[in-house]
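Please read the structure below before turning to the comments.
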Amino acid sequence: MSRDVYEYAVIRVIPKIERGEQINVGVLLYCQPRGYLCARVELDAARLRALDPAADVDAVRRALTAYELACGERPGPLAAEPLGGRFRWLTAPRSTIVQSGPVHAGLTADPDTELARLFDKLVRV
């Protein structure tokens, strides 16, 4: 079974930038040889409110949904971009509440399985 290079980044929420506390809420995975780009997200609202009781949970959910939508084939601002361009745009450094961490790489024979493994390891409590 052949394995291909993939890149991934953890999607995180940093409710108060000045405090630097963060919650891992998703994983973004890109595998160029397989034409694969997918984001999987899950927000634990109780954990977010523990760090910031005034957090706008609905706004954070909308921002996370944008990551998922940017990976799909639906019309939108990134729809015309190749998958690699979308991945680079989604992982570009930001100083916002929702952002991605550094990009890491690995080898996989199945990007869907790898995304699920990383999600369980890095996001689920």
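Brief remarks on what is shown
- Checked against the criterion of being hydrophobic (A, V, I, L, M, F, W, C), more than 11 Å from Tyr8 (Cβ to Cβ), without any contact (Cβ under 8 Å) to a residue 40 or more places away in the chain and in a loop (DSSP other than H, G, I, E, B), the candidates Leu69, Leu48, Leu43 yield just one match: Leu43.
- The residue list Thr113, Thr96, Thr65 contains one member that is of a type in the set (S, T, N, Q) and at pLDDT 95 or above, which is Thr113.
- Within region 102-121, residues that are under 16 Å from Ala9 (Cβ atoms) and aliphatic (A, V, I, L, M) have Cβ atoms under 8 Å from residues that are exposed (fewer than 14 other Cβ atoms within 10 Å of the Cβ) and modelled with pLDDT of 95 or more in these pairs: Ala105/Val5, counting only partners at least 6 apart in sequence or on another chain.
- Of the listed requirements (1) under 16 Å from Gly35 (Cα atoms); (2) surrounded by 11 or more Cβ atoms within 10 Å (Cβ to Cβ); (3) not hydrophobic (A, V, I, L, M, F, W, C), Arg117 misses just one: (1).
- Taken over region 76-104, the residue count meeting the criterion of being under 14 Å from Glu7 (Cα atoms) and either surrounded by fewer than 11 Cβ atoms within 10 Å (Cβ to Cβ) or touching a Lys or Arg at 6+ places or on another chain (Cβ under 8 Å) (or both) is 4.
- The set of residues from region 25-60 being of a type outside the set (Lys, Arg) and under 11 Å from Tyr6 (Cα atoms) comprises Leu28, Leu29, Tyr30, Cys31, Gln32, Pro33, Gly35, Tyr36, Leu37.
- Residues that are surrounded by 13 or more Cβ atoms within 10 Å (Cβ to Cβ) and farther than 23 Å from Asp112 by Cα, drawn from region 58-75: Val60
- Meets criteria (closer than 19 Å to Leu122 by Cα and at pLDDT 95 or above) for Val13: yes
The values are calculated or read from the model by the stated rules, or taken from the named source; none is laboratory data. Note that the coordinates shown come from a computational prediction; the quantities given were computed from them, not determined experimentally. In this analysis, Cβ positions are derived from the backbone assuming ideal geometry, glycine residues included, and neighbour counts consider all displayed protein chains.
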